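The values are calculated or read from the model by the stated rules, or taken from the named source; none is laboratory data. Bear in mind the structure is a predicted one, so any value in this text is a computation, not a measurement. Ideal geometry is used to build each Cβ from the backbone, glycine not excepted, and the neighbour counts take in all protein chains shown. For accessibility, only protein heavy atoms count, side chains too; no ligands or nucleic acids. Shrake-Rupley method; radii C 1.70, N 1.55, O 1.52, S 1.80 Å.
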Amino acid sequence: MSASDGDEASGGRPPYSQYQLDLYSNAIIAGNKPIATTDPNKLEDAARKAMSPEGFNYVFGGAGEQSTMAANRLAFRQWKLIPRFLRPTVPRDLRIDLFGKTYDTPVLMAPVGVQSAYHPDAERGVASACADLGVPFICSTASSQNLEDVFSPESSDAAKGPRWFQLYWPLDDEITASILGRAKSVGCEVLVVTLDTFTMAWRPLDLDAGYLPFATGTGNAIGFNDPVFRRKFAERFDGDTPEDNVVMASRYWTSEAFSGHAHKWEDVQTLRKLWDGPIVLKGILSVEDALMAARNGVDGIVVSNHGGRQLDGAVPSLEMLPEIVDAVGGRLTVLFDSGIRTGADMMKALALGAQAVLVGRPVIYGLGVAGTEGARHVLAGLLADLDQSMGLAGVQTVKELNRSILRKVNYGGDVKSSL
Ligand SMILES: Cc1cc2nc3c(=O)[nH]c(=O)nc-3n(C[C@H](O)[C@H](O)[C@H](O)COP(=O)(O)O)c2cc1C
Ligand SMILES: O=C(O)C(=O)c1ccccc1
């Protein structure tokens, strides 16, 4: 393989698998261990030690008895890869096309709220790590840092990378319009609207600790800094700013963004009017809703159960993925998340028809352990693992991943509840 082939296929940087060589040479030449473990099981333990108990539990925790979280992992274990040999596998090309644009990898950073609760580097740090690796950063509405700060060219490198915006959909169209206008202004390309978290789930770890960050102002930065939200808050509360009255402002904001069953399928038309660009609905788990999404004119869906954090007992998203792809794959871009921990997991979801995958907790554990560098390390490791695993399976490009490389087995094996 010539260096230029690899460089082109990974956006001018070395092939993603180079990270494996870097880790070995750092160890052999300089005697340095990786900044955080490369073992997904141990990473969770390291994060538990490094982070505040509330922060760690917030990330780690699932809903209920965490049965959906565990099922997400079992679903991956039940698919096995069938490797092929003596075929061309280099230069490997991880690029994909989404909504008419080429991305360097089929991996995106899942929207994750309140990142200052995990490490002071927070969203700016993770977004910079993503930009460095060519991974789109999906900025959550529940960010702890304001949208304009996350992507400010002065304060971070995040503005150099691809960025999408995730919406927790306010009831008030004027506030929604204002937030979406701001997301557009800072360069967000795609709108991801999360459907499954219109209200908080039953999360025992957070309930037992009495931990609800956005009730006390963390994770409300995008709302609190929104000019329309500020004006409406002042009108209701005697000219107060959200900073004057954080508790009432948090209450007002959460009643807007986590507003129960208020929206209907018809309201997707409103989003269309307010957002000039691709719209993706996140949290789809049924063929019926995937068809509704197609009928209502969106561009894509994320097949997701929110990492097992919302409806405990919900089906693993991987289980539903093939049927949903068969039903709407010709019409919609189908993305996937929930439970991805390794390169092999990514291959399985891509082979079952996802066009790209989102990763949540692992990168946040990296952030918790070692800030921006830790997040970068975990993401670089996942990409290297994907790159290497594709090669080992005899696969050169993401397009080649299809169901012929998979076999479903009925012995998933034991899994730790979260991994
Ligand atoms: C701590 C945490 C916060 C999250 N916050 C959001 C959010 O603000 N918006 C959203 O759409 N999804 C949110 N999610 C869900 C992720 O986007 C994603 O669906 C999930 O983490 C995928 O599962 P995984 O963690 O097993 O990769 C959050 C997940 C975690 C772990
Ligand atoms: O915790 C979550 O999963 C989540 O989606 C969220 C919602 C609101 C604020 C922060 C995170």
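Worth a mention:
- Estimated dipole of the chain in Debye, rounded to 20 [Cβ of Lys and Arg +1, of Asp and Glu -1, Cα centre]: 1180
- Cα gyration tensor, the stretch 266-419 - rounded (a/c under 1.5), prolate or oblate: prolate
- FRET efficiency, 1/(1 + (r/R0)^6) with R0 25 Å, evaluated for Lys264 and Glu323 via beta carbons: 0.55
- Over the stretch 29-84, accessible surface divided per residue gives 50 Å², non-protein components excluded, 1.4 Å probe.
- FRET efficiency, Asn41 to Glu174 (Cβ-Cβ, R0 41 Å, nearest 0.05): 0.30
- Charge dipole (the stretch 151-302, unit charges on Cβ, about Cα centre) - positive-most of Pro153, Leu212, Trp253: Pro153
- Amide hydrogen neighbours beyond the local backbone of Val302, cut-off 5 Å, H modeled: Leu281, Lys282, Gly283, Ile284, Leu335
- Full extension of the segment from Val287 to Lys399, taken as 0.36 nm per residue of separation minus the current Cα-Cα distance, would add 38.0 nm.
- Selection from Ala75, Ile405, Ala131, by position along the positive dipole direction of the chain (Cβ): Ile405
- Extending 7 Å from the Cα toward the beta-carbon at both Tyr411 and Ser25 defines two label points whose distance is 4.1 nm.
- Magnitude of the charge dipole for the stretch 243-286, about its Cα centre and with charges confined to Cβ atoms of Lys, Arg (+1) and Asp, Glu (-1), is about 240 debye.
- In angstrom, the C-alpha Rg and Dmax of the stretch 150-255 are 15.2, 41.
- Per-residue SASA remark: Arg182, around 20 Å² accessible (1.4 Å probe; ligands, DNA and RNA not included).
- Within the chain, DSSP assigns beta bridges of which about 20% are antiparallel (rounded to the nearest 5).
- Accessible-area order (highest first, 1.4 angstrom probe) of the listed residues Lys232, Lys49: Lys49, Lys232
- Summing charges over neighbours of Phe151, with a neighbour being any other residue whose Cβ is under 13 Å away from its Cβ, gives -1 when K and R count +1 and D and E count -1.
- The listed peptides 12-25, 144-157, ordered by packing as a protection proxy, come out as 144-157, 12-25 (highest mean of other Cβ atoms within 10 Å first).
- Contact order, relative form, for the chain: 27 percent (alpha carbon pairs under 8 Å, 6 or more residues apart, mean separation divided by residue count).
- Charged-residue dipole, Cβ positions (Lys, Arg, Asp, Glu), the stretch 1-66 about Cα centre, Debye nearest 20: 280
- Percent accessible area from carbon and sulfur atoms, the chain, protein chains only, probe 1.4 Å: 52
- Within straight-line reach of Lys184, meaning a Cα separation under 18 Å, sit the following lysines at least 8 residues removed in sequence or on another chain: Lys101, Lys160, Lys273.
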